[in-house]
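The values are calculated or read from the model by the stated rules, or taken from the named source; none is laboratory data. A quick note: this is a predicted structure, and the numbers were derived from the prediction, not measured. Note: ideal-geometry Cβ built from the backbone for every residue, glycine included; neighbour counts use all protein chains shown. Keep in mind that these areas ignore ligands, DNA and RNA; they rest on the heavy atoms of the full protein, side chains included. Shrake-Rupley method; radii C 1.70, N 1.55, O 1.52, S 1.80 Å.
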Amino acid sequence: MLAKVLAGAPLGIDAYPVEVEVDIAQGLPQFATVGLPDGAVKESKDRIKSAIKNSGYDFPTRRITINLAPADIRKDGAAFDLPMAIGLLTATGLIAPEQSGRFLFMGELSLDGRIKPVRGLLPVAAAAGRWPVEGLIVPAANAEEGALVDGLPVYPVNTLGEVVDFLAGKQPLEPCRVDVPALLRAAAVDEVDFNEVNGQQHVKRAMEVAAAGGHNLLMVGPPGSGKTMLARRLPTILPEPSFAEALETTKVHSIAGLLPADQALIARRIFRSPHHTISDAGLIGGGAHPRPGEVSLAHHGVLFLDEMPEFKKNVLEMLRQPLEDGQVCISRAAQSLTYPASFMLVAAMNPCPCGFLGDPQHACSCTPLSIQRYRTKLSGPLLDRLDLQVEVPRLAHHELAEPAPAEASATVRMRVEAARVLQRERFHKEGVHCNARMRPRHLQRFCKPDAAGQTLLEKVTDRLGLSARSYTRILKVARTIADLAGSERVEIAHLAEAIQYRSLDRRVP
């Protein structure tokens, strides 16, 4: 007998339907799975057999063939266990075909019939509204994740027996419901705050500008000056993510299998800080079976690279494309996938190899040549993409012992959100959401300085030898500073402040 059951699998940040075809024929007992299954899918036959038997049902001792269509896309993971088991029970006549054909199934089976959570459920649930199904039957641990998407009902189940009884009409199941506003409110409480950082007012100002315009930031300072502490508090002054942004971020983490068990929605700005030994596939994404990298996991959030020159140069150079495009394209012989990667890059580095260049308390032991060699670990094109380059000096004793009152993150965030509102109104027909994403045509319309500002830019460009990209970055940052000041025009004071944030364009002393 032939039975067909629908499943789904993620493909990039989207998903595609997988038709599970089960055929039971006369012949010697055999269990064959076709349709480009990987090792985990091939091993599912043993899990399915034990789960069916331990749930109290008979396993057919005949020739079993399962096809996962479309057969030209590789299937990986254990999420096909449940649909394959339901297909087998439908083919044996235990479940009516018209009942199993109404739903989409996903879940990993234990040997005793329990249903375990799987990764990648959210993109499947988002895409299932376009497929010919009436609802989704998923592991109870994934139910809230799937219910985030309005549309089809999502039924949580814990065991294979529950699924069979539900399809047979013996046991009702209530669809899962999620209170999205409650999830967003619960995530609004920050564990850290800007007012915990003593001093460094000019650095805080630079971070406010970066947050207001979505600009990338590089902090240069000696060890212990507070670079990491500041970076970890940057998400607290970023605007609250919209539901659409939170949903997109959650999709990426669901595909990567990194969604916390007790968190159905990632409703806060993500902060990712990979170690400097990370590989190119770990940072950008990829592998034999492509997975999202750190740049995609930081989507709509902050990617922090501490001790940036210690990263491999070829790994850092791979950041250039996602920084420009806001996405990552991973091409392999079998398929090409695209993951979103719209993030703020925040990096930190020492001013020299020993870390004490310009420190009044410690003498620098580095030669000009070693300093130059250290800084050239970061290429010019990559530095050009770091809109703000700010120095973070060591704090004096009185700043630590008797710190001045500092603004809380909520206060700074109000100014940032006000600037973002101006940008949304300015670009609502342009397909741009912040100043950092402005295109060349926008610079002429929104960032054109007056005569005095143009003269200043001409002098600075000739003296520092700025590239065209550095020049446009200064204009974009100046536009953000003007937005924070509530100014419609970019004035010379805004340009002067933006130029101050290009510290590495100056020559090494």
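General remarks:
- When the surface is traced with a 1.4 Å probe over the full set of protein chains, V149 keeps roughly 30 Å² accessible.
- What you get for the chain, charging only the Cβ of Lys and Arg (+1) and of Asp and Glu (-1), is a dipole of about 1320 debye around the Cα centre.
- Taking the chain and dividing mean pair separation by its residue count, relative contact order in percent (alpha carbons under 8 Å, at least six apart): 13
- Shown here for the stretch 140-223: GluC sites (Glu not before Pro) in loop regions (DSSP other than H, G, I, E, B) with at most 12 other Cβ atoms within 10 Å, namely E191.
- Rg over Rh for the stretch 363-425 works out to 1.15, both radii taken from alpha-carbon positions and Rh defined as the Kirkwood radius.
- Ratio Rg/Rh, restricted to the chain and using Cα atoms, in which Rh is the Kirkwood radius: 1.08
- Proximal lysines relative to K313, as straight alpha-carbon distance under 23 Å, when same-chain residues fewer than 8 apart are discounted: K227, K377
- Taking all Cα-Cα distances within the stretch 286-379, those exceeding 19 Å account for 53%.
- Only protein heavy atoms count here; on that basis, with a 1.4 Å probe, D280 has an accessible area of about 60 Å².
- The Rg/Rh ratio of the stretch 412-459, with both radii computed over alpha carbons and Rh defined as the Kirkwood radius, is 1.07.
- All other residues whose Cβ lies under 12 angstrom from that of A256 are scored, Lys and Arg at +1 and Asp and Glu at -1, for a net of +3.
- Rounded if a/c under 1.5, otherwise prolate or oblate - the stretch 159-284, Cα gyration tensor axes: prolate
- Ranked order, M438, M318, M414 - accessible area, probe 1.4 Å, largest first: M414, M318, M438
- For D483, net neighbour charge (Lys/Arg +1, Asp/Glu -1) across residues whose Cβ lies under 13 Å away: +1
- Convex hull (Cα only) mean projected area of the stretch 1-115, reported in nm² to one decimal: 6.7
- On the principal axes of its alpha carbon atoms, the stretch 131-221 extends 67, 28, 24 Å, with the longest extent given first.
- Whole-Å distance, taken between Cα centres, linking the stretch 118-182 and the stretch 214-267: 29
- Under 24 Å from the Cα of K53 - lysines, other chains or at least 8 residues apart: K4, K42, K45, K116, K170
- Residues H215, H398, H300, H202, ordered by accessible area of protein heavy atoms at a 1.4 angstrom probe radius and largest first, appear as H398, H202, H300, H215.
- Semi-axes of the equivalent ellipsoid for the stretch 96-177, Cα gyration tensor, largest first, Å: 18, 16, 11
- For the stretch 227-355, the orientation-averaged shadow of the C-alpha convex hull comes to 8.8 nm² (one quarter of the hull surface).
- With all protein chains kept in place, the per residue accessible area of the chain amounts to 44 square angstrom at a probe of 1.4 angstrom.
- Heavy atoms of D450: accessible area, 1.4 Å probe, square angstrom to 10: 60
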